[in-house]
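No lab work stands behind these numbers, since they all come straight from the coordinates. Everything quoted here is computed from the prediction, not taken from an experiment. Neighbour counts are summed over all protein chains in view; Cβ atoms, including those assigned to glycine, are modelled from backbone coordinates with ideal geometry.
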Amino acid sequence: MAQRTDREDRKVCLGVIAGAHGVHGLVRIKSYTADPADVASYGLVTDAAGVRQFRIRLSGTARDMMLARIDGVADRTAAEALRGVELYVERGRLPATAADEFYHADLIGLAARATDGTALGTVTALYDYGAGDMIEIRSAAGAVELLPFTKAVVPEVDLERGVVVIAPPAETYARPEEARAEAEP
């Protein structure tokens, strides 16, 4: 049997319970999966701590939310008690990605290096504000930069080495000597 990697053991958030729907225990789930119905495709899911397990059975949609029944949740009070619970699955249970496709969980925690090898920090998050993914890099000093997650700005992602290579726009990550030269009269 193949040995599992740490990356496969990471948990990936599939969605969050947004609240109750009706009085008979249905919950509204905000799905983060590409096809929103896939939030129920992985069998048992857990909360962030991995303590509670949930089996999700979809029963419909309401606006941009999935409606679902969760085993053991029979009334509105029990459904409301789950509001805000994030639903996780182990990364290894998700489908393989195509070349140049990544799960956010695969990228978070990777070292960020400039094309010349200079350490820039660590990938701490990815966001999609509607115009394309943004990658968040936090330096050792705590400075945060948001950069477009495009091939031009992130030309290389090496999961095996645990590194993303960043080719930032010139105004981002000015070298200390460049910053001093710009500040001098």
Suppose every Lys and Arg Cβ carries +1 and every Asp and Glu Cβ carries -1, with no other charges. What dipole size does segment 104-170 come out with about its Cα centre, to the nearest 20 debye?
140
Using the Karplus curve 6.51 cos²θ - 1.76 cosθ + 1.60 with θ = phi - 60°, what ³J(HN,Hα) values do you get for each residue of segment 145-150, in whole Hz, with x for Gly and Pro?
10, 9, 10, x, 8, 10
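Which residues make up the longest stretch of the chain clear of trypsin sites (Lys or Arg not before Pro) that lie in a DSSP loop with no more than 14 other Cβ atoms within 10 Å, not counting the sites?
Working: sites that count: Arg4, Arg52, Arg55, Arg63, Arg83, Lys151, Arg161.
Between the exposed loop sites, the longest stretch runs 84-150.
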5 Å binning of all Cα-Cα separations within the chain, expressed as whole percents from 0 upward:
1, 7, 14, 16, 14, 13, 11, 9, 6, 4, 2, 1, 1, 0, 0
Which one of Ala96, Ala114, His24 is farthest out on the positive end of the charge dipole of the chain, using unit charges on Cβ (Lys, Arg +1; Asp, Glu -1) and the Cα centre as origin?
His24
Sequence order, segment 118-127: Karplus ³J(HN,Hα) from phi using 6.51 cos²θ - 1.76 cosθ + 1.60, θ = phi - 60°, Hz rounded, Gly and Pro as x, gives 4, 5, 9, x, 10, 6, 10, 6, 10, 9
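Suppose every Lys and Arg Cβ carries +1 and every Asp and Glu Cβ carries -1, with no other charges. What dipole size does segment 10-89 come out with about its Cα centre, to the nearest 20 debye?
Working: 11 positive and 8 negative charges, 11 e Å.
So the dipole magnitude of segment 10-89 works out to roughly 60 debye.
Let me check I've understood the local charge: for Thr122, count other residues with C-beta under 11 angstrom from its C-beta, Lys and Arg +1, Asp and Glu -1. What total comes out?
Values: positive: Arg113, Arg138; negative: Glu136.
Local net charge: +1.
With r as the distance between the Cβ atoms of Thr97 and Thr118 and R0 = 30 Å, compute the FRET efficiency 1/(1 + (r/R0)^6) and round to 0.05. Mind dumping the intermediate values first?
Numbers: r = 28 Å, r/R0 = 0.94.
My answer for the efficiency is 0.60.
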